[in-house]
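Notes follow the structure.
Just so it is clear, none of the values below were taken in a lab; they were calculated from the coordinates. Since the model is a prediction, treat every value here as computed from it, not as a measurement.
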Amino acid sequence: MQFQQLQYFVAVAETRHFTRAAERVHVAQPSLSQQIKALERELGADLFLRARGNISLTDAGEALLPLARRILADADTARHEVQELVQLRRGRVRLGATPSLCTGLLPDVLRAFHDRYPGIRLLIEEGGSHDLVRGLARGALDLALIVLPLPTPAPALTTVELLREDLVVVSSPEAPGPGGGGRAVEIGDLEGERLVMFRHGYDLRELTVAACRSAGFEPDFAVEGGEMDAVLGFVRAGLGVAVVPRMVATRAGRGLRVTPLARPGLHRTIALAHRSDVAPPRAARELQRMLLER
C-alpha cells in the first residue's frame, strides 16, 4: 500500500468522481484509476461501486476512509514538524477551543505567543468539546481546549487540567436583577427568569440545563441557538439572562450586570488535550507550555 494511493483514494471518496479527483491531486485520470485498482488488488476488496454517473463507497471503502484520512493527516503533521526550524521561526499550530474560551482565555495567551514567535501561524477552530475531540482523533487539530468531564470516554487522548472556572449570571442593567436583585443568586432563583440560551452542542447549554433540572425546574428560553457574542448581545438588549464563564463576563465590558452564583455555585473544568499516540509538533508544544504556565 502506497501513500500516494491513499491520497488518490481519499480524493475519489470525497469528490465521488474520478476525473474531478484526478484534477484535485494533479494527476492524469487514467493514472489515478490504475493506482486505485492496484490498491484494490492489494487489499483484496473493491473500494468503490462504479455505476454510470454514480460512484459510491463499498463497505471496505467506508472502513478504509477514516483510517486513510488519519494516515494522511499524520503524515502532514510529520512534514510540518520536520520543516520547522530549530528557532521556531516558522510552522503552524492548529488549536481547537470552545467559543467561550476563545473570548475569555485565549486572546492574552495567543498575543504573547505571537509576540514571541511571529512566524508561527495560528489556526483556530471553534466548536463544542464533542467536535473538538473528533478533530483531534482524525488529526485535524494539534491541541484542543475542552470542557471536562467528557460525556463519553476518550482513551486516545491525553488531557491536562488547566483551570476550574466559576460561572456567573449576566443580565441587562436596565432590567430587574435576577432572583430579586440580590448580591448572589441560587440556580433555583432562575426559575421564572427568561434565559438566553446557547445552541445545541454548546457545553454551557448542557451544563446550565442540567443544573436547572437538578434544582427541580425546566428552564424557560427567551432566545436560543446563539454563539457567545450573540448571547451577550441579546442579554444587553434585555431579552433575558444567561449563565456564562466569569472570564467572559469580565472581558465583555459595559452593558452587562454580573451576578455571582451562591455557593456551591456552578463551575466547569477546562483541560488541554492532544492525541496520546502522536506527539504535538514543536510549536504546539511551546503553546501548550505557555497555556499551562499562564
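Worth a mention:
- Of every Cα-Cα pair in the range 176-262, the percent that sits beyond 23 Å: 12 percent
- Cα-based Rg / Dmax (Å) for the range 149-294: 17.2, 52
- Per residue, the convex hull around the alpha carbon atoms of the range 93-148 comes to 69 Å³.
- Linear extension gain, LEU150 paired with THR250, 0.36 nm per residue minus alpha-carbon span: 33.4 nm
- Potential extension, VAL258-GLU62 segment - 0.36 nm per residue separation minus Cα distance: 65.6 nm
- P(r) tail, the range 149-199: Cα-Cα pairs separated by more than 17 Å, 56% of all pairs.
- The chain: calculated mean residue ellipticity at 222 nm from DSSP helix runs of at least 4, using -39500 (n - 2.57): -13000 deg cm²/dmol
- Taking the empirical scaling 2.2 N^0.38 Å for compact globular proteins as reference, the range 246-286 has a Cα radius of gyration ratio of 1.92.
- Shape index of the range 1-128: Rg/Rh, with Rg the Cα radius of gyration and Rh the Kirkwood radius from the inverse mean 1/r over Cα pairs, equals 1.12.
- Averaging Cα coordinates gives a centre for the range 181-205 and one for the range 227-290; these two points are 15 Å apart.
- Seen from a random direction on average, the alpha-carbon convex hull of the range 23-67 projects onto 3.7 square nanometres.
- Each residue of the range 116-174 gets 181 Å³ once the volume of the Cα convex hull is shared out per residue.
- The range 101-246, relative contact order [Cα under 8 Å, separation at least 6], %: 25 percent
- Counting every alpha-carbon pair across the chain, the share separated by more than 30 Å comes to 47%.
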